[in-house]
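Encoded as structure tokens, the structure appears first; notes follow it.
The values are calculated or read from the model by the stated rules, or taken from the named source; none is laboratory data. Predicted, not measured: the structure shown is a model, and the values here were computed from it. We place every Cβ from the backbone using ideal geometry, glycine too, and count neighbours over all the protein chains shown. To get the accessible areas, we keep the full protein, side chains included, count just its heavy atoms, and leave off ligands, DNA and RNA. Shrake-Rupley method; radii C 1.70, N 1.55, O 1.52, S 1.80 Å.
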Amino acid sequence: MLDFVKFRIEDKECFETFVQSNASLKKTYKAYSNEDGVFYPIVGKVYNMEYRITRTEAIVSGSIHKFYNNISGLGNINYNDFTLTEFYTAIDYLCDTFSIEKTKTTITNLEFGFNILINKPSSYFIEQNVQMFDFQPYDNRIATRAGTAFKIFKKSDFSIKIYDKGKESQLEQKNLLRIELKIIQKRFLNNIGINSLDQLDGVAVLSLFKAFVERYNKMLIVDSISPWNTLETHERVFYENYTNPSYWMMVRNTKTSQEIRKDKKRIMSFIKKIGYDSNKNQILKLISSKYHQLIIT
């Protein structure tokens, strides 16, 4: 559920003093200094969580899921379930380690997503069934992760990532799928009432889940890119055109916004009519079930 987190520490000077005076924290210094001769940036890690101190700010970032597994002796992994209770344990441990006050932090990046088992190989599902987000193609400039099937849909404040988690983690399990909402602007978080670490309570997590579902519903996920042979010819042409990312790139230059909105409604209604949204609906049920499991465990 909650995974990568990046936050700024408001009292940079206090944090820097703590890091400098704590011999147990491994740290390195780069090759430029301020007027006092202090070398910046000061960088280091506690397990997988990185800290970086510059002249003007102090940042901590990393997968909080992996951090929990590291402190629990499970290793640097994040393919298992990660409950909300475990998230709070990891955050408390991290803040205790760095002597951080949760109220005096500002979250700038956050990942919220789910690892779910689906009924087919994840790579096949991603390549064949996941078409678009809000009728826009995935960013094919982003390289795959070590041969892992991977699609990312980038917007200004967030991105949607979907990939084969089993293959990425070198597991034998071929059906483990990862879908995540990666928030990259703090204004997105502020709009749902999240600013600091102490505000990641149950209400905030519910808001994150709703934001995730809202964006999941904008994904065009179809059971097949080839419609039934029993469809009329004009229906087949309509389906094949309107589920093709290239078609939507073309119509944005030839149709009005109102016409495009009507076309979006038409194809979504048609997909529902012929039952080609069953995979998408089933995955949403799995996500919802996983969410409720992780918040009460």
Of the candidates Lys264, Lys272, the one satisfying the condition of being surrounded by 11 or more Cβ atoms within 10 Å (Cβ to Cβ) and in contact (Cβ under 8 Å) with a residue 60 or more places away in the chain is Lys264
Of all residues in the range 225-239 being at pLDDT 90 or above and surrounded by 14 or more Cβ atoms within 10 Å (Cβ to Cβ), which is nearest to Ser278 (Cα to Cα)? Tyr239
Test Ile152 against the stated conditions and say whether it is free of Cβ contacts under 8 Å to residues at least 24 places away in the same chain and in a strand (DSSP E or B). yes
Give me the residue from the range 258-287 that is modelled with pLDDT of 95 or more and of a type in the set (Gly, Ala, Ser) and, out of that set, nearest to the chain's Cα centre (by Cα). Ser278
Leu94 is checked against (1) within 30 Å of Tyr239 (Cβ to Cβ); (2) part of a helix (DSSP H, G or I); (3) open to solvent by less than 10 Å² (accessible area, probe 1.4 Å) and fails just one. What number does that condition carry? (1)
Pairs please, first residue from the range 62-91 and over 19 Å from Lys290 (Cβ atoms), second anywhere and in a loop (DSSP other than H, G, I, E, B) and among the polar types (S, T, N, Q), Cβ atoms under 7 Å, 6+ apart in sequence or on different chains. Gly62/Asn48; Phe67/Asn48; Asn70/Asn48; Asn70/Asn76; Asn76/Asn48
Among the residues of the range 276-289, is there at least one that is touching a residue at least 40 places away in the same chain (Cβ under 8 Å), of a type in the set (Asp, Glu) and open to solvent by less than 50 Å² (accessible area, probe 1.4 Å)? yes
Pick from Ile100, Ile59: which is open to solvent by 10 Å² or more (accessible area, probe 1.4 Å) and part of a loop (DSSP other than H, G, I, E, B)? Ile100
Failed item in (1) surrounded by fewer than 19 Cβ atoms within 10 Å (Cβ to Cβ); (2) under 18 Å from the mean Cα position of the chain (by Cα), with Met132 passing the rest: (1)
